[in-house]
Amino acid sequence: MNINIYIDSLTDCLVDAATGEIFNTEYHRITKPISRQEAAKLKKDGWKFDWSVPFKKGYEVYTLHILGNEAIQGMIALQHHCSEYYTYVDIVEAAPANIGKTGKYKGVGAHLFAIACKLSWDAGNEGYVQFVAKTDLIEHYKSTLNAQCIDWHTMYIDSYGAIELIKKYFKEASE
């Protein structure tokens with residue numbers, strides 16, 4: 001899957017676009033596969049991807065939330081390749097309310113990548129994250145995420161880039 005999420009800004013957690021208020025976050029792994037019916041409801045609610053598919057392909061799926069609020073602000077599907085020392089990100093998506101210039105919260109996309117980097121580090125992959133980017137976002141990912149190209153669409157975030165994202169979004173990691 002080509003990653004097609006615009007990184008609106010690197011923020012401290014999530015920032016309310018209208019007020020500038022900063023919200024602490026939490027993320028959760030979805031342990032029960034999303035059914036076709038649940039995925040259809042998500043699509044009806046404006047999500048672009050069929051979130052039942054990653055489970056069928058063996059991916060872990062995580063949701064991003066404002067601390068203490070069950071509303072999903074974004075989702076990410078990833079898979080650890082520990083024998084090759086990287087974590088592969090298949091899908092990253094901000095909730096429909098967070099998309100575009102009028103999105104409610106800024107920082108969702110970068111926060112989801114920070115989660116991937118942290119989970120990669122925790123899995124023993126030293127923060128390395130690999131993904132396939134849409135062509136028109138390659139330069140954007142280079143500048144916002146410090147991602148680098150492997151080939152014309154495949155990109156990665158190395159340990160140095162991962163540490164920066166982890167420190168930005170997980171304050172306890174920098175203490």
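The values are calculated or read from the model by the stated rules, or taken from the named source; none is laboratory data. Bear in mind the structure is a predicted one, so any value in this text is a computation, not a measurement. Please note: Cβ atoms are built from the backbone with ideal geometry, for glycine as well, and neighbour counts cover all protein chains shown. Only protein heavy atoms, including side chains, enter the accessible area calculation; ligands, DNA and RNA are left aside. Shrake-Rupley method; radii C 1.70, N 1.55, O 1.52, S 1.80 Å.
Can we say VAL89 is of a type in the set (Val, Ile, Thr), over 16 Å from the mean Cα position of the chain (by Cα) and either modelled with pLDDT of 95 or more or within 19 Å of PHE170 (Cα to Cα) (or both)?
Judged against the criteria, VAL89 is not a match.
Taking segment 61-71 as the region of interest, how many residues are β-branched (Val, Ile, Thr) and surrounded by fewer than 18 Cβ atoms within 10 Å (Cβ to Cβ)?
1
So, of the residues in segment 124-149 that are within 20 Å of HIS81 (Cβ to Cβ) and surrounded by fewer than 18 Cβ atoms within 10 Å (Cβ to Cβ), which turns out to be nearest to the chain's Cα centre (by Cα)?
Among residues in segment 124-149 that are within 20 Å of HIS81 (Cβ to Cβ) and surrounded by fewer than 18 Cβ atoms within 10 Å (Cβ to Cβ), the one nearest to the chain's Cα centre (by Cα) is VAL132.
Give the residues of segment 1-60 that are assigned to a loop (DSSP other than H, G, I, E, B), at pLDDT 90 or above, aliphatic (A, V, I, L, M) and open to solvent by 70 Å² or more (accessible area, probe 1.4 Å), sorted by residue number.
Hit for segment 1-60 is ALA18, nothing else.
When both residues are 6+ apart or on different chains and their Cβ atoms are under 7 Å apart, which pairs have a first residue that lies in segment 70-84 and is more than 25 Å from ASP45 (Cβ to Cβ) and in contact (Cβ under 8 Å) with a residue 40 or more places away in the chain, and a second that is open to solvent by 10 Å² or more (accessible area, probe 1.4 Å) and aromatic (Phe, Trp, Tyr)?
These pairs meet every condition: HIS81/TYR88.
What pairs can you find where one residue is in segment 130-143 and within 23 Å of LEU119 (Cα to Cα), the other is of a type in the set (Val, Ile, Thr) and open to solvent by less than 20 Å² (accessible area, probe 1.4 Å), and their Cβ atoms are less than 6 Å apart, with a gap of 6+ or different chains?
Within 6 Å, the pairs are PHE131/ILE3; PHE131/VAL89; ALA133/ILE3.
For segment 74-83, state whether one or more residues are in contact with a helix residue (DSSP H, G or I) (Cβ under 8 Å, 6 or more places away or on another chain), open to solvent by 40 Å² or more (accessible area, probe 1.4 Å) and within 23 Å of GLU164 (Cβ to Cβ).
Looking through segment 74-83, at least one residue is in contact with a helix residue (DSSP H, G or I) (Cβ under 8 Å, 6 or more places away or on another chain), open to solvent by 40 Å² or more (accessible area, probe 1.4 Å) and within 23 Å of GLU164 (Cβ to Cβ).
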